[in-house]
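Read through the structure below, which is laid out as structure tokens, and then see the notes.
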Amino acid sequence: MGNKKQYIVITPFFPSDNSHVGSYIYDQVKTIIDLTNYDVKVIKVASIFSFEKDYFFKGIEVKIFKMLDFPFFIFPGIFNWVNSMMIKKFFNRNKYFENLSIIHAHVSYPSAYLANAIKYNRKVKTIIQHHGIDVLQLLNGRFSFLTKLQNDFIRKRTLNQLNMIDLNVSVSNRVKNELHTFDNYKPKKEYILYNGVDRFKFYPISGLKKTDKFQIGCVANFWKIKDQISLIKAVEIMIADGFKDVRLRLIGEGVELEKCKKYVLYKKLEKYIFFEKEMKHENLNNFYNELDLFVLPSYYEALGCVYLEAWAANIPVISVEGQGFSELVSENEMENLIAKKQSPESLKDRIFEEYKKRRIYVFNEKYDIRNTISEFVKLYL
């Protein structure tokens with residue numbers, strides 16, 4: 001380590017050999033390592049009941065910090081205090097306090113609490129990065145079975161922690177604006193750090209498309225807010241209108257998957273709509289390059305990395321209004337690429353326009369992760 005300053009990343013998700021969840025965090029960490037002289041360390045937060053152990057992923061060591069997280073809502077103050085003591089001991093044991101300079105934490109709870117506990121009475125810069133799901137939990141309550149009073153109490157405590165952080169980072173203006181709907185959210189400083197894409201992993205490849213069918217792709221968990229059913233219905237309308245060379249390929253798992261499969265069977269669309277198994281993150285680039293169009297009609301999306309990954313293959317990407325990706329779409333493309341939410345008819349209209357054009361949609365290199373992180377480093381690190 002020498003005299004290098006330490007940059008500690010605290011995150012509840014980070015990829016492993018068995019899971020790609022948190023791939024963007026890995027890309028961000030790797031880029032910070034490449035562009036700075038910090039000694040970057042990763043701490044993955046897990047439940048005290050977890051069996052997860054420390055591991056390496058593509059040369060980066062991931063230390064597991066196990067915290068008390070259940071039933072924290074009964075005595076949240078006590079549990080947060082215990083976790084604060086535990087994280088300090090964890091830092092001492094791993095010598096993370098030596099030359100500690102920056103704590104970059106991801107997701108409001110529990111990372112903001114841990115970052116502030118570590119910083120206490122130390123000259124350390126703290127950063128919290130909001131990815132959207134944490135803001136959704138603040139808006140709707142972290143647990144549906146809690147009373148409004150309990151959720152309000154947790155929300156107030158969490159917002160107080162965010163106000164103590166040196167820099168609150170949001171992955172889109174949508175996330176930032178939602179945070180500001182809370183009257184008691186008073187951040188010291190804010191920054192929009194759009195999710196960049198690793199151009200060494202995602203890029204155009206010619207010759208992978210081996211069919212004359214118009215191929216539409218979607219990669220997402222099958223959750224209600226991702227709204228794959230509207231996409232399926234949009235394709236159904238196109239098929240009914242006589243455009244039988246359209247194919248839809250859906251990748252993902254989740255609670256809405258069976259519902260979508262049953263709908264496809266009921267409507268006899270099996271020749272046109274296909275459900276594919278999840279694949280390793282590094283294999284997605286080939287998938288994107290086989291497509292003519294990528295569509296994800298999610299109506300709550302901070303800034304999904306899959307939009308950028310698909311766009312990096314120079315294919316058009318359709319989102320819905322008011323989501324993070326719409327902030328990256330130029331004004332003259334809004335009518336082409338942004339549909340109304342939960343509207344199969346609107347999606348069909350956007351898809352049909354791209355069906356007629358069969359075009360290349362050139363990626364904006366501004367959103368190469370080396371460029372997004374470089375600007376962030378220049379301003380704040």
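The values are calculated or read from the model by the stated rules, or taken from the named source; none is laboratory data. Everything quoted here is computed from the prediction, not taken from an experiment. Neighbour counts run over all protein chains shown; Cβ positions are idealised from the backbone, glycine included.
Does Q342 satisfy the criteria of being touching a strand residue (DSSP E or B) at 6+ places or on another chain (Cβ under 9 Å), closer than 27 Å to V135 by Cα and at pLDDT below 95? Criteria not met by Q342.
Looking only at residues that are within 12 Å of the chain's Cα centre (by Cα) and either in a strand (DSSP E or B) or not aromatic (F, W, Y) (or both) in the stretch 13-26, which one is surrounded by the most Cβ atoms within 10 Å (Cβ to Cβ)? Looking at the filtered set, the residue picked out is G22. Does the stretch 358-372 include one or more residues that are within 24 Å of the chain's Cα centre (by Cα), in the same structural domain as A313 (by TED's automatic domain parsing), under 17 Å from P297 (Cβ atoms) and in contact (Cβ under 8 Å) with a residue 12 or more places away in the chain? No: the stretch 358-372 contains no residue that is within 24 Å of the chain's Cα centre (by Cα), in the same structural domain as A313 (by TED's automatic domain parsing), under 17 Å from P297 (Cβ atoms) and in contact (Cβ under 8 Å) with a residue 12 or more places away in the chain. Does I10 fit the bill of being in a strand (DSSP E or B), in the same structural domain as I64 (by TED's automatic domain parsing), modelled with pLDDT of 95 or more and in contact with a His (Cβ under 9 Å, 6 or more places away or on another chain)? Yes, satisfied.
Of the residues making up the stretch 31-70, those that are free of Cβ contacts under 8 Å to residues at least 40 places away in the same chain, surrounded by 13 or more Cβ atoms within 10 Å (Cβ to Cβ) and basic (K, R) number 3.
Annotation: of all residues in the stretch 340-377 being assigned to a helix (DSSP H, G or I) and of a type in the set (D, E), the one that is nearest to D227 (Cα to Cα) is E345. Within the set S84, S108, S170, the sole residue that is closer than 17 Å to Y191 by Cβ and at pLDDT below 90 turns out to be S108. All but one of (1) surrounded by fewer than 21 Cβ atoms within 10 Å (Cβ to Cβ); (2) outside the structural domain of L35 (by TED's automatic domain parsing); (3) not small (G, A, S) hold for N184; which doesn't? Among (1) surrounded by fewer than 21 Cβ atoms within 10 Å (Cβ to Cβ); (2) outside the structural domain of L35 (by TED's automatic domain parsing); (3) not small (G, A, S), N184 violates only (2). Among the residues of the stretch 81-108, write down those that are over 15 Å from V42 (Cα atoms) and either in contact with a His (Cβ under 8 Å, 6 or more places away or on another chain) or buried (at least 22 other Cβ atoms within 10 Å of the Cβ) (or both). Listed by number, the residues that qualify are N83, S108. Among the candidates Y300, Y288, the residue that is in a helix (DSSP H, G or I), surrounded by 18 or more Cβ atoms within 10 Å (Cβ to Cβ) and not polar (S, T, N, Q) is uniquely Y288.
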